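The values are calculated or read from the model by the stated rules, or taken from the named source; none is laboratory data. All of these numbers come straight from a predicted model, not from anything done at the bench. Here the Cβ positions follow ideal geometry from the backbone for every residue, glycine too, while neighbour counts run over all protein chains shown. Areas reflect the complete protein model, heavy atoms only, side chains present, ligands, DNA and RNA absent. Shrake-Rupley method; radii C 1.70, N 1.55, O 1.52, S 1.80 Å.
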Amino acid sequence: MLENERKSIDEIDRQLVALFEKRMHVTKKIAQVKSENQLPIYDAVREAAVIDKVIQYLTDDSLSEELSQFYVSLMNISKNYQEKTSK
Ligand SMILES: C=C(O[C@@H]1C=C(C(=O)O)C=C[C@H]1O)C(=O)O
């Protein structure tokens, strides 16, 4: 019944995981540069700019609230990972 949709989700998840890994690895590099330059991990201005930008990438504007929530969570995970990997 849901086989085709679940297959689509599985393939999308495979791509998301690859992109998540890539993004987190860049985050780790950024944490190293910040640590070397005594900069704080949290950058509120950058986070607001990221959300503004990704919302513009949407083709379905009805998803802007959900995308914004997704990015707030993603950037929280990213900051926690930066804290963890820059110790
Ligand atoms: C990755 C960074 O560090 C933090 C995490 C961000 C993110 O995950 O996009 C953005 C801003 C910072 O709060 C950065 O400064 O670019």
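How much accessible area per residue does the chain have, counting only protein heavy atoms and a probe of 1.4 Å, in square angstrom?
Numbers: 7100 Å² over 87 residues.
With the other protein chains kept in place, the chain gives 82 Å² per residue.
Working from Cα positions, state the angle (0 to 90°, nearest 10) between the long axis of helix 44-57 and the longest principal axis of the chain.
It works out to around 20 degrees.
For region 2-85, what log10 I(q)/I(0) values come out of the Debye formula at q = 0.14, 0.16 1/Å, with one point per alpha carbon and no solvent?
For the requested q values the scattering log ratios are -0.60, -0.75.
Applying the Karplus parametrisation 6.51 cos²θ - 1.76 cosθ + 1.60 with θ = phi - 60° to the phi angles of region 72-87, what ³J(HN,Hα) value in whole Hz is obtained for each residue in order, glycine and proline being reported as x?
For region 72-87, the Karplus curve yields 4, 5, 4, 6, 5, 4, 4, 5, 4, 5, 4, 4, 5, 8, 9, 7 Hz.
What number, in percent, do you get for the relative contact order of the chain if the mean sequence gap of Cα pairs under 8 Å and at least 6 apart is divided by its residue count?
Computed value for the chain: 41 percent relative contact order.
In degrees, nearest 10, range 0 to 90: what is the angle between the Cα axis of helix 3-36 and the longest Cα principal axis of the chain?
It is inclined by approximately 10 degrees.
Starting from the residue with the highest accessible area, list Thr85, Thr27 in decreasing order, probe 1.4 Å.
Thr85, Thr27
Determine which residues of region 67-87 fall in the zone a paramagnetic label at Ala48 would reach in this model, i.e. backbone nitrogen under 17 Å from the point 7 Å along Cα→Cβ.
68-69, 72
At a 1.4 Å probe radius, carbon and sulfur cover how many percent of the accessible area of the chain? Present the calculation step by step, with values, prior to reporting the outcome.
Numbers: 3980 of 7100 Å².
Ligands and nucleic acids excluded, carbon and sulfur reach 56 percent.
Hey, with R₀ at 35 Å, roughly what FRET efficiency would Ser73 and Arg14 work out to, going by the Cβ-Cβ distance, to 0.05?
Details: r = 20 Å, r/R0 = 0.57.
Result of the calculation: an efficiency of 0.95.
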